[in-house]
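Let me give you the structure first, and then I'll get to my questions.
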Amino acid sequence: MRAYLHAIEARSRANGPGARMVVWFQGCTLGCVGCFNPATHVAGRAEHDVATVAAQIAAATGIEGLTLSGGEPMQQIDAAIELLGAARAAGLSTLMFSGYTLAEIRELPRGLEAVALLDVLVDGRFRTDLRLGQGLRGSSNQQVHLLTDRYTTSDIDDAPLGEVRIAPNGDVILTGVTPLKLKR
């Protein structure tokens, strides 16, 4: 199976509790005004073999979990389920950011299967007028669902709001719920 992915970050602290691998999906049709990651909206850019990414997850060291973000992971639900399953099989925790609500995800084909593989779901469409930027929520209408007992609200609140990483090739990576913006 192949999926459109925007980026993969081997280790992040600002996308959930602890050190996590993050996979950003490419493609989102929800159209949240003010989304801070509009480069992930157009589908069909970087196609990846999902089994290869799942193998990367299984081989990862020094992380406690996997975070799926986007774009919109639930618009490529089969790939999301495969990656979440790989993380679970490797003993990693799972977290997903989705513009869909938990109720909407449960109504999607295979939605219940996706939810069953999650420890944490941060759900709801981003709303600029309700900007929050804390506790892994971009806006106050979004909800954090602790779907297992692996994490507490304090674990979620303790995640950094953003981080700046400099890759070995010199690329600057800005990530998190409230990432910094570089000015020229």
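The values are calculated or read from the model by the stated rules, or taken from the named source; none is laboratory data. Just so it is clear, the structure is predicted and the values come from calculations on it, not from any experiment. Heads up, the Cβs are rebuilt from the backbone with ideal geometry, glycines too, and the neighbour counts pull from every protein chain shown.
Confirm whether Asp123 is touching a His at 6+ places or on another chain (Cβ under 7 Å), modelled with pLDDT of 95 or more and under 25 Å from His48 (Cβ atoms).
In short, yes.
Select from segment 31-52 the residues that are under 16 Å from Met96 (Cα atoms) and either touching a residue at least 60 places away in the same chain (Cβ under 8 Å) or buried (at least 20 other Cβ atoms within 10 Å of the Cβ) (or both) and list them in ascending order.
Within segment 31-52, just Thr40 meets the criteria.
For segment 56-82, what are the residues that are out of contact with any strand residue (DSSP E or B) (no Cβ under 8 Å at 6 or more places or on another chain) and closer than 18 Å to Ala19 by Cα?
Ala58, Ala59, Thr61
Follow-up. Could you list, in sequence order, the residues of segment 104-124 that are in a helix (DSSP H, G or I) and in contact with a strand residue (DSSP E or B) (Cβ under 9 Å, 6 or more places away or on another chain)?
Glu104, Ile105, Ala114, Val115, listed by residue number.
Can you name the number of the only condition in (1) at pLDDT below 95; (2) crowded, with 17+ Cβ neighbours inside 10 Å that Ala114 fails?
Of (1) at pLDDT below 95; (2) crowded, with 17+ Cβ neighbours inside 10 Å, only one is false for Ala114: (1).
Against the condition assigned to a helix (DSSP H, G or I), surrounded by 13 or more Cβ atoms within 10 Å (Cβ to Cβ), aliphatic (A, V, I, L, M) and touching a helix residue (DSSP H, G or I) at 6+ places or on another chain (Cβ under 9 Å), how does Ala7 come out, does it pass?
So Ala7 does not fit the description; no.
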